[in-house]
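What follows is a single structure, written as structure tokens, with notes after it.
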Amino acid sequence: MKILVFNGSPKKENSDTMHITRAFLEGMKETRQQDIHIINIIEQNIEYCTGCFSCMRNGGKCILSDDMREILKEITESDLLIFSFPLYAYGMPAPMKAMIDRLLPLTSMEMREVNGSYRHVGQSDYSDLKFVMICGCGFPNSRNNFEPAVDQFKKLFPMNNTIITIPESPMFNAPEAAPVTVPKLELVKEAGKMYAEGFFVSEKLLGDIMTPMIPEEQYAKIVNG
Ligand SMILES: Cc1cc2nc3c(=O)[nH]c(=O)nc-3n(C[C@H](O)[C@H](O)[C@H](O)COP(=O)(O)O)c2cc1C
């Protein structure tokens, strides 16, 4: 399977969230060989969308000439897109949002009503494309924290989406936290394996993954201390 990973953390390889993403990919590789390309978004030259809409009128060609040309080409050649990013201000980091805005050339001007909301029709049929969101965050609570990012992802990619959110993720870069991070990453690996087998992760496994590694109060005390 051709997997394109967007790493939205400005910390690149040192990203807390990428520990989770790498474990997921490891699990996927256990099922079969995978063709994986990781793009560190912060290293790409991606200008802001100008909002001219000319891409939607001229068959998907953007007026801007930067790294998005190659990224858009790669997307159309991929089977799975993984968006790995830290929660920033209850959403995705700005460089990733800038990239998402530039996905506009994949859609046409025509809009259609689907389940109560309007969507632009794709320039091609992307119905087989799959989407995974992996998001880490610094607070110990998932509730009242991840919802805006999860909601946005579901609206952007309403079909074939799988979402993994993990609180307390700075612990993945703390070697002393290994007694709790290693078992958590094993669960994520299991999720990756399950996903590669059927593009699905069970609610039970997702629930176990998204549970905080240590009690909220203990985590806050460590951070504050
Ligand atoms: C600008 C900024 C905004 C942040 N906003 C949130 C937030 O809304 N909720 C949260 O729990 N953590 C927030 N964090 C913490 C990061 O999500 C956390 O440090 C995460 O582990 C970083 O992941 P990374 O190493 O993959 O970049 C924020 C961090 C920064 C720098």
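The values are calculated or read from the model by the stated rules, or taken from the named source; none is laboratory data. What you see is a predicted model, and the numbers here were worked out from it, not measured in a lab. Cβ atoms come from the backbone with ideal geometry, glycine included; neighbour counts cover every protein chain shown. Remember, those area values only see protein heavy atoms, side chains included, never the ligands or the DNA or RNA. Shrake-Rupley method; radii C 1.70, N 1.55, O 1.52, S 1.80 Å.
Quick grid of which residues meet (1) closer than 25 Å to MET171 by Cβ; (2) more than 10 Å from the ligand (Cβ to nearest atom); (3) among the hydroxyl-bearing types (Ser, Thr, Tyr):
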{"position": "ILE3", "(1), (2), (3)": "no, yes, no"}
{"position": "ASN7", "(1), (2), (3)": "yes, no, no"}
{"position": "ARG22", "(1), (2), (3)": "yes, yes, no"}
{"position": "ASP35", "(1), (2), (3)": "no, yes, no"}
{"position": "ILE38", "(1), (2), (3)": "yes, yes, no"}
{"position": "GLU43", "(1), (2), (3)": "no, yes, no"}
Going by what's in this entry, would SER78 be described as touching a Phe, Trp or Tyr at 6+ places or on another chain (Cβ under 9 Å), in contact (Cβ under 8 Å) with a residue 60 or more places away in the chain and of a type in the set (Ser, Thr, Tyr)? no
Per-region count, region 11-20, residues within 8 Å of the ligand (Cβ to nearest atom) and over 14 Å from the mean Cα position of the chain (by Cα): 2
Just the residues that are among the hydrophobic types (A, V, I, L, M, F, W, C) and within 16 Å of the ligand (Cβ to nearest atom), please, taken from region 45-87. ILE82, PHE83, PHE85, LEU87
Quick one: in region 90-127, of everything that is within 16 Å of the ligand (Cβ to nearest atom) and in contact with a Pro (Cβ under 9 Å, 6 or more places away or on another chain), which residue is nearest to PRO167 (Cα to Cα)? TYR90
Taking PHE199 and the conditions (1) buried (at least 16 other Cβ atoms within 10 Å of the Cβ); (2) on the phi > 0 side of the Ramachandran plot, which numbered condition does it fall short on, given that it satisfies the others? (1)
Would you say GLU70 is open to solvent by 10 Å² or more (accessible area, probe 1.4 Å) and farther than 15 Å from ALA98 by Cα? yes
Residue ID - most open to solvent (accessible area, probe 1.4 Å), chosen from residues in region 87-127 that are of a type outside the set (Asp, Glu), touching a strand residue (DSSP E or B) at 6+ places or on another chain (Cβ under 8 Å) and free of Cβ contacts under 8 Å to residues at least 40 places away in the same chain: TYR118
If I filter region 128-163 down to residues being polar (S, T, N, Q), in contact (Cβ under 8 Å) with a residue 12 or more places away in the chain and open to solvent by 10 Å² or more (accessible area, probe 1.4 Å), which single residue comes out as farthest from the ligand (Cβ to nearest atom)? ASN160
Every residue in region 113-127 that is under 18 Å from GLY59 (Cα atoms) and not aromatic (Phe, Trp, Tyr), please. ARG119, HIS120, VAL121, GLY122, GLN123, SER124, ASP125
Is it the case that some residue within region 114-127 is basic (Lys, Arg) and either under 28 Å from MET18 (Cα atoms) or assigned to a loop (DSSP other than H, G, I, E, B) (or both)? no
